[in-house]
Amino acid sequence: MTIVLFLLSIVSVLCAVTPAWADQHTGIRVGLLLMAIDARPDHVRISEALRVTNAGDPRRVSVEISLPPRAQYVTFHRGVASPVQTEHGFGGTIPLRRGITEVAYSYAIPTGSREAIVRVLPFDVERMEVVGRGAQVRLADLAGRELTPVIVGGEVLSRWEIRGVRAGQPVVVELAGLPVTSRWWPPGAAGGLAVILALGLLKGVTSASQKS
Amino acid sequence: MADLGSFALLAGLVVCVYGVVAGVIGIRTRERRFVETSLRAVRAWAALMVLASGTLMFALVTRHFRLEFVAAVTSRDLPLVYTVAAFWGGHAGSLLLWALILGLYGIVILRVLRSSPQMYAPVALVLLVTAGFFTWLLAFTSNPFTVMQIPPPDGRGLNPLLKNPWMSIHPPTLYLGFVGMTVPFALAVAGVLTGLTAEWIKLARRWMMIAWIFLTLGLLFGAKWSYVVLGWGGYWAWDPVENAALMPWLTSTAFLHSIQVQERRGLLGAWNVSLMIISFVLAIFGTFLTRSGVMSSVHAFADSSIGVYFLIFLGLVLASSGWLLLARWDRFRQGGSLDALVSRESAFLLNNLVLVAAAFVIFTGTVFPIIAEAFTGDRINVGPPYFNQVMAPLVILLLVLMGTAPLLAWRKADAQSFGRAVSAPAAVAILAGLGFAALGVRSPGALAVLALALFVAGAVAVELLHGVRILRTHGEPAAVAVGRLLLNNRRRYGGYVVHLGILLILTGVTMSSAYATQVQVTLRPGEQTSLGGYTLRYHDAQAWRLPGLQITSTTVSVSTGPRPLGLLRPQHVYHEVQDQATSEIALRSTWWNDLYLVLVGVSPDRRATFRIMVNPLVTWIWFGGGVILTGTLIALVPAARRRDVPEVRRDVAVPAGAKAQ
């Protein structure tokens, strides 16, 4: 009985997340979500590209996509019309033509040397691919698998993929070896300089007093 | 990049503290190597400020948005010239500019002082204490190298009001003046400690003049910016920040006159030192007003909480300078006294009192709102009527002194010779006054200023003719005599040229204040209106967008009588990123008046509302600035003294035209 209630609660959660999409979107499927992670000092910039296939007539669909809680500087590159900020991410309209439409946006997240980014999407995704640059990337999900790294401009980019991601299913992307800025050297070096100068001054004063 | 800049600031602070300690030890023990160490500290500090400034400039140019400062004042589409100007477009950057300029001044003055090594230590000490204060502010309260964990994809961009060529040069010029006051202040301290020698007087005068000319230009550039950018048709509003720059200008102007009394007669030593200290304090006060956000101002583009630190620093400067002055008061008792009430030194003293009184009333009017708020809780602003009413008689008195002082002899003026010298300029002034009145000038203030301006110009001409006549007695042709006179008395005649520049400015200010006309009209396309002899026909309005901008532009043709003068295109620009609207005025300037056109708005049916102003003689103000610069440069160039050319002076009471002493 407990298990049944638990399963029912998951279904209700999934329904709550996806009703608009499910109602509006017959004939629409998201074939690919490409998530490119660019590790930079103290933060990562994440670009997400969706490949949406529309088998029906051209139409405009409303969508609300949640982003990781600390996402900042959301930038829309392609496919989202009139985006607005919402409590958990952004909402907007996607004008879909017949066939494939690409949607792309990016955002940044502050990070330490390790980070786990949880993505929950409001629609099913047939294949999700994660590409990492400048850090070790892995998908924590058991269903995820590592792909052959790709070499771009002499740089090896690690790749992971997961297939059949359900709407509302959390996908955890683990990042390690992220670059973190150390802020100790300016005060450290200035402190060192202070010590050297103080010692020099002390020596000068001592020798002057000895002379006198 | 941020680390390099932060290191430069912290190391700069360390070097300052080290230099101050070494300097104090050097002064107390008279050990030369400690003094030399403090000098090296000044140079090292200056080098570190150059490093910090270079780092910040590089960050601005490369759009290093990880720095909060860069993200706040630049954007990717900002042109290079404004990217450079963005350095002082924000609070932290402008403080770094202060430090950079102080460092450069420090290097130069210490090099100049090689011939006066006794002044080394106190000058270096004062520079280092001031440097230490600003470096501390930069390192701990207003660090331009503060990093953001995530850089934004683009910066907010420079405040639209600052995107103007005049604003690119106004702050650095003004800061060259403000910071330049540190050098005379350092020399004042050195003078009190080591003695007010002839070498000291020469240095003090020269360095005050350098700071003064930059302050003058800074004030004029700011006025020009206000005139062409803010769209209100004026250039001076007795704004707190404007006043803050005017006050040290007035006290330094007083000093440049009274130092001559000290040079010639050995009088007013303590007064001159006090003026140097007050000018520095007022310069710091000006920086405090601009940077603290304590007063709302159209010129203040920064708001920060550093005001309390400035007040503490000001208190320390005043207390230590006052104590030093009192402790060494005996040094100033050796001077003589005024020989006669009517003499050039008396006129200079009176001129000083008027200038200091002017600075005082401006100070009172500027800080009154803060004091009123402290006591009553309400901010009561003192507006332009107060300043205009109080300043007008002082300006008229100054003009009288400007005209009479050069005609008075040093020590004791002979009434007869003075009467003879003053009669021609006075006659010119009276006739001119009557002539202006006949031409329709009815404002008593304007009449007085115009007549007195001609009186001063006449006095300068009398002085020049007097000198030429003396040289001609040595057989010089007139043209050669004029040239030799100017070349061999550069300070005196440079000063007169400066006076002529001041006259041009005062005339421009008086006429544009008293006789400006304006009207606000709404016109349909094809309709026309007239003002001040100009006919303006509104043709059409266009609207377009550029990235981040919504621009509405109108086309207006201008003619005077049947003669077409061209097209003017006033615009209204909405800056989307800053959510700020600005008016791009259209201006047609001539020597006699400015036609100043502001687009107030355009309605959907293309009716446009304009504010049209005709401001007389405004160009004279800007031209007067150029004349002042020319005069100052003439006065700053050391005179090439030749033994065979007699110096023309009114050292003693001599009738105009008599042989020089």
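Tabulated values for the structure
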read-out: For the stretch A:3-211, with +1 on Lys and Arg beta carbons and -1 on Asp and Glu, the positive-most of A:ALA81, A:GLY31, A:PRO122 along the dipole; value: A:ALA81
read-out: Relative contact order (%) - the stretch A:3-211, alpha-carbon pairs under 8 angstrom, separation at least six; value: 22
read-out: Contact order relative to length of the stretch B:580-619, as percent, for alpha carbon pairs under 8 angstrom and 6 or more apart; value: 40
read-out: Residues A:GLU102, B:GLU31 arranged by fewest to most Cβ contacts within 10 Å; value: A:GLU102, B:GLU31
read-out: Interchain or long-range residues, amide H under 5 Å from A:VAL61's placed H; value: A:ILE94, A:LEU96
read-out: ³J(HN,Hα), Karplus 6.51/-1.76/1.60, whole Hz, each residue of the stretch B:408-425, x for Gly, Pro; value: 8, 7, 5, 6, 8, 7, 8, 4, 5, 5, 5, x, 5, 5, 7, 5, 5, x
read-out: Karplus-derived HN-Hα couplings along the stretch B:540-549 (A = 6.51, B = -1.76, C = 1.60, θ = phi - 60°), whole Hz, x at Gly and Pro; value: 6, 10, 10, 10, 8, 10, 10, x, x, 10
read-out: Nearest-0.05 FRET efficiency for B:THR560 and A:ARG98, computed from C-beta distance (R0 51 Å); value: 0.20
read-out: Debye, to nearest 20: dipole size of the protein assembly as shown, +1 on Lys, Arg Cβ, -1 on Asp, Glu Cβ; value: 2700
read-out: The stretch A:91-187: trypsin sites (Lys or Arg not before Pro) falling in loop per DSSP and having at most 15 other Cβ within 10 Å; value: A:ARG97, A:ARG98, A:ARG114, A:ARG166, A:ARG183
read-out: Shielding score for B:22-35, defined as the mean number of other chain Cβ atoms within 10 Å; value: 2
read-out: Most positive-pole-ward Cα, B:MET119, B:LEU102, B:GLY155, against dipole of the stretch B:5-159 from beta carbon charges; value: B:MET119
read-out: Built amide H within the under 5 Å cut-off of B:ALA581, gap 5+; value: B:HIS575
read-out: Footprinting exposure proxy for B:TRP544, B:TRP45, B:TRP249 (fewest neighbouring C-beta atoms within 10 Å first); value: B:TRP544, B:TRP249, B:TRP45
read-out: Cα convex hull of the stretch B:517-648 - mean projected area over all directions, nm²; value: 13.6
read-out: Electrostatic dipole magnitude of the stretch A:3-211 [Cβ: Lys, Arg +1; Asp, Glu -1; Cα centre; debye, to 20]; value: 540
read-out: Value at 222 nm in deg cm²/dmol, rounded to 500, when DSSP H runs of n ≥ 4 in chain B each add -39,500 (n - 2.57); value: -21500 deg cm²/dmol
read-out: Positive-pole candidate from B:LEU568, B:VAL602, B:GLY548, dipole of the stretch B:540-611, charges at beta carbon; value: B:LEU568
read-out: Tensor-based shape of the protein assembly as shown (alpha-carbon gyration tensor, a/c under 1.5 rounded, otherwise prolate or oblate); value: oblate
read-out: Neighbouring partner chain Cβ atoms per residue of B:435-446, average, 10 Å criterion; value: 0
read-out: Per-residue ³J(HN,Hα) for the stretch B:273-289, Karplus 6.51 cos²θ - 1.76 cosθ + 1.60, θ = phi - 60°, Hz, x for Gly and Pro; value: 4, 4, 5, 5, 5, 5, 4, 5, 4, 5, 5, 5, 4, x, 5, 4, 5
read-out: Contact order normalised by residue count of chain B, Cα under 8 Å, 6+ apart, percent; value: 11
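Taken together, the values in this text are just the output of simple stated rules run on the coordinates, not laboratory data. All values reported here derive from a predicted model rather than from experimental measurement. Positions of Cβ are generated from backbone atoms using ideal geometry, with glycine treated the same way; all protein chains shown enter the neighbour counts.
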